1. Check whether at least one residue in the stretch B:341-358 is surrounded by fewer than 20 Cβ atoms within 10 Å (Cβ to Cβ), more than 23 Å from the chain's Cα centre (by Cα) and not in a helix (DSSP H, G or I), and report yes or no.
2. Search the stretch A:102-118 for residues being assigned to a loop (DSSP other than H, G, I, E, B) and of a type in the set (D, E, K, R), and hand back the single one that is surrounded by the fewest Cβ atoms within 10 Å (Cβ to Cβ).
3. Just the residues that are farther than 22 Å from B:THR4 by Cβ and buried (at least 17 other Cβ atoms within 10 Å of the Cβ), please, taken from the stretch B:429-454.
4. Of everything in the stretch A:140-177, what is within 19 Å of the chain's Cα centre (by Cα) and either β-branched (Val, Ile, Thr) or under 30 Å from A:TYR64 (Cβ atoms) (or both)? Give them in sequence order.
5. Anything in the stretch B:406-444 that is of a type in the set (S, T, N, Q) and either within 14 Å of chain A (Cβ to nearest Cβ) or part of a helix (DSSP H, G or I) (or both)? List them, or say none.
6. Just for the stretch A:10-49: of the residues that are part of a helix (DSSP H, G or I) and charged (D, E, K, R), which one is farthest from A:SER70 (Cα to Cα)?
7. When the residues of the stretch B:381-405 are narrowed to those that are part of a loop (DSSP other than H, G, I, E, B) and within 14 Å of chain A (Cβ to nearest Cβ), which ends up modelled with the lowest pLDDT?
8. Going through the stretch A:230-253 one residue at a time, which ones are within 20 Å of the chain's Cα centre (by Cα) and surrounded by 20 or more Cβ atoms within 10 Å (Cβ to Cβ)?
Amino acid sequence: MKREKFIYCLKFIAMVIILLAICIAMGGVVEDKSSKRYKGDIYLGTNNPDVLYLGTSHVLYGIYPEVIDSEYNIESYNVGGYAQRMATSYWCLVNALEKNSPKLVVVDSYSINDDSLYPVDDKDFLHFSTDAIPLSYNKWRMVDDLLDDSSLKFEFLFPFVIYHSRWSDINRYDFDYYKYENNKGAIVDETVGEYEAAVLPLQDELISQESVSRKYLQKIIDLCEDNNIDVLLISIPFVASEETIKESNSMALVASKNNLNFYNMFYDEKIDLDYTKDFTESTGQHLNSEGAKKISLALGQYIVDNYDF
Amino acid sequence: MIYTSLKFLIFYFIVVFLYYYFIKPMHRSYYLLFTSSVYYILYSSKYFLLLLCVLFVTFAFAYYIDKYKYDDHIKKWFLCTYLILIIFFLVVFKYNKLLNILFSVGVFEEKVLPLGISFYVFTAISYIVDIYSDKEKKESNALIFATHLMLFTKIAAGPIVKASDLIPQLKEEILFNKELFRKGYFRVIYGFGLKLIIADRAAIIINSIYDNFKSYNGLYLFVAACLYSIQIYCDFAGYSYIAIGLSNILGLEIKTNFNRPYLAQNAKDFWKRWHISLSTWLRDYIYIPLGGSRKGGARKKINIMITMLVSGVWHGNTLNYIVWGIFHGLWQILCPVKNSNSLIHRFLRVATNFIAITFGWVFFRMVNIYDAFYILFSIVDIRKWQYNIKITSLGLDRENIMLLICTIVLLFVIEYICEKKGSVLNKVIRLPGICRYFFIVTLVSLILLFGIWGPAYDSASFIYVDF
């Protein structure tokens, strides 16, 4: 009788394992491939780049690793994401460091005074940033830290929960997404919008306040220090109010406290950004391909001038 | 904790694991009482004391009715007192809206319905009446009786199980029964399939149309009405299969609650197949005590109308349910009973029957009676139908609609095979081990892939839990 019970138990466990394996396999097919396409390489350790770029969509649209790679011979990867808060960036870095050993991490200043851990109103953005991360202890830690709701945690650990309904949308792209250009994590937008240039306050005018984002920025810096990785803080220009630029300027305090470089591109006239041509049509928050090339070249030059590669 | 939630599944797995691995067979009934109490408290802690009150009162009255079984006068007094108390209790909680209207606003506060109230009250009534009529022996073990009334696998929305069906099983040692166990998990899987693949998918189209029904012509409304017939069947039958399956896994046999109702050829046949536990209860405790068919044709018709009216009122406290009950009463009285052997005639009878039931369900779905009539008149006025139907504008894409159609067809094919050749389940459970496991894994995978579940959807409760 005991032996029979034991066999039943084993059969049940075996079936659960088989079902989980099938769900993971089905999940791999029905999952939205955006994250895997643009961020998959970094979490699989395909490239092991020397430089990683972290930040919001300002980074996602504004830094082209391929331009920096070809011009300055620096292997790099864009780990930016839509509305990607500093907390999410921190955890993306933790997971990226499992398979990569960069020499430099570049962190953009946008939303430095923000208190949210992720874009609460649009979970899809968080999916874009994190779906490509394979299931692991660090992914579990990330989900546990960022999300309170247990059903949300489940969704992010097992994307099949949310993507199973995509079965009716599956097309060829779901099977050969990896063949498509991923621009080393960057999004290329060639549209053009016309905007007015940002009114720049004085560079030492800054707005600094305690925030969750600052806390996680410090965690990024500490993590890099523990792993002998340099950190470069930057501010990518965008159509901004004076107040927002002052917030970005406050990165100087973080840089000073941690003995880091801060490259505030708002004030670098050599970049020669044209606000009537270098931003996307939909929003002045994102650089288009022309603007991103200028920023990337400037950033690459800064890295070469200040770091040993 | 609805049965389709992950929390319930985890709860249930823990219960079953402990049940078979740590609890001795002779103690399993008491363990079920404990787990049923835990379940009820987790789901509806506020009304657990009420359930205990019903339990205590029913047990006490059963004792006295049995004690005075040779004294008709006292026995009847106890029965009447009990019925008044228990029906008053049900009315206060279930019909508070109506009472507010009849007895002035604010006297009876609007309340959320206690979980399973309609079902456990009817279970209790059947127990007391059966003891009174000497059809049932009083159960002296209060804990066994409590397990029968509160069993968590059926308390939410039935089936309404007679004491004579369940209590003997609870009094004996509950041993592991391989065949019953297999039937159990296949029933659970089948129930999940009906609910998550068909019912909840159909609900998307139905809600799109009915939420804005005045914007749609008769053809759309007819499609929605037919789909609602499918939805309510798959939802409720799905629940019943799950409830019965969960009980089977625990080693308990519970009678089937649905027997392919849409293959019925007439009204009487339909009510022998639909929500069998309720229709049996209505027959045994309303229709037959009123005289049934024993007091002439006219009286029989009156008895049918009263019975169906009670059925309508049982479902809800708004006028539409009463109209639904009256509709079914009239339909039973007017509908010819003869079945047909000719395939075409049988098909036509089944189709006509389905249309009639569908019309009745419109009253069930639409709380406002005028809306229901509007929909029915729109359906019947075929001249105003417009045939350029854009079904993909109703919330489902083409692939999902194809899946819905295919699964509905498959459902009817399975039911037709069962009708002609006997239960498919008995054949499935006898498949060789490896085939059986492959079948289970395939079915569960398909339900996970095609089912309507997850954060993208509003977690749809079962329709009958609201009763």
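1. Among the residues of the stretch B:341-358, at least one is surrounded by fewer than 20 Cβ atoms within 10 Å (Cβ to Cβ), more than 23 Å from the chain's Cα centre (by Cα) and not in a helix (DSSP H, G or I), which makes the answer yes.
2. The selected residue is A:ASP115.
3. Once the filter is applied, which keeps residues that are farther than 22 Å from B:THR4 by Cβ and buried (at least 17 other Cβ atoms within 10 Å of the Cβ), the stretch B:429-454 yields only B:ILE429.
4. A:MET142, A:VAL143, A:LEU146, A:PHE156, A:PRO159
5. B:THR407, B:ASN426, B:THR442
6. Looking at the filtered set, the residue picked out is A:LYS11.
7. The selected residue is B:GLY395.
8. Passing the criteria: A:VAL231, A:LEU232, A:LEU233, A:ILE234, A:SER235, A:ILE236, A:PRO237, A:PHE238, A:SER248, A:MET251.
The values are calculated or read from the model by the stated rules, or taken from the named source; none is laboratory data. A quick note: this is a predicted structure, and the numbers were derived from the prediction, not measured. So basically every Cβ, Gly included, is an ideal-geometry build from the backbone, and we count neighbours across all protein chains shown.
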